[in-house]
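Presented below is the structure to which this report refers.
The values are calculated or read from the model by the stated rules, or taken from the named source; none is laboratory data. No experiment lies behind these values; they were computed from the predicted model shown. Because the Cβ atoms are built from the backbone with ideal geometry, glycine has one as well, and the counts that use them run over all protein chains shown. Side chains included, ligands, DNA and RNA excluded: accessible areas come from the protein's heavy atoms. Shrake-Rupley method; radii C 1.70, N 1.55, O 1.52, S 1.80 Å.
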Amino acid sequence: MLVGFSLGLVGGGGSILAVPLMVYVVGVPQPHIAIGTSAIAVAANAAINLSNHARGGTVIWSCALVFALAGMFGAFGGSILGKMLDGQKLLALFSIVMLVIASLMLKTRARVGLTDVKISMSNMPAIIGLGLATGTMSGFFGIGGGFLIVPALMLATGMPIMNAVSSSLVAVTAFGMTTALSYAWSGLVSWSLAGLFVAGGIAGGLLGTRSARHLSERRGALNIVFATVIIAVAIYMLLRNINVS
């Protein structure tokens, strides 16, 4: 439910919450199994939340689909590299990336954005380039990538955060499934655990989507919530992995 709520609210946080929960709370012994399992669960929950946002008309499909397609190629290559690294080091490195992203989101929290943005020849190179880069990082860290995708979409197109949150779920679904297939091929997935996460995520996602629409009406509020969640989880992950090492 927490994972689904986060995806519905800010378009991200699925794997960044699911992986620590699986490792530290559920007790999954291998970080790589937690990563592979969360990728499947998050991709499924993201697809469900995407349908909720799509009904609200906030998904900018032209930008989202091109971004996701470019990112899928990066996610495949990144997932191959990620499986070669030590799981604990992977989590520690990811937490540092999250702190950088959070600081950038707070810096631009008052920006309104362009609600009528569409894909064009002027923004297509940025959409494809950032999609490829974000997808690579998503696959490398074994995450859906929402916390990377939302700011990347805002940077590439200038869209408001509410549209970026909604549109990001297209890429989260695509990146998550690409990463999940790679990990499943290596036998690094617990299917029963993934099923339980998807079931709980459906209820949480409905509440998260409604909360996002409410916060988007207050200027900068959704950005602040987005950044605060990232900082809290990133610090926790960093401290846990420093202790482990």
Per the C-alpha gyration tensor (a ≥ b ≥ c, the square roots of its eigenvalues), segment 137-215 is rounded if a/c is under 1.5, else prolate if a/b beats b/c, else oblate; here it's oblate
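Roughly to the nearest percent, how much of the accessible area of the chain is carbon and sulfur, given a 1.4 Å probe?
C and S atoms contribute 72 percent here.
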Could you work out the helix-only [θ] at 222 nm for the chain, with each DSSP H run of four or more residues adding -39,500 (n - 2.57) and the total divided by the number of residues, to the nearest 500 deg cm²/dmol?
-26500 deg cm²/dmol
Straight-line reach from LYS118: which lysines fall under 27 Å, measuring Cα to Cα and dropping same-chain residues less than 8 apart?
LYS107
Accessible surface, per residue, of the chain when the full set of protein chains is kept, probe 1.4 Å, Å²:
42
Calculated FRET efficiency for the pair LEU196/LEU85, C-beta based, R₀ 35 Å, to 0.05:
0.80
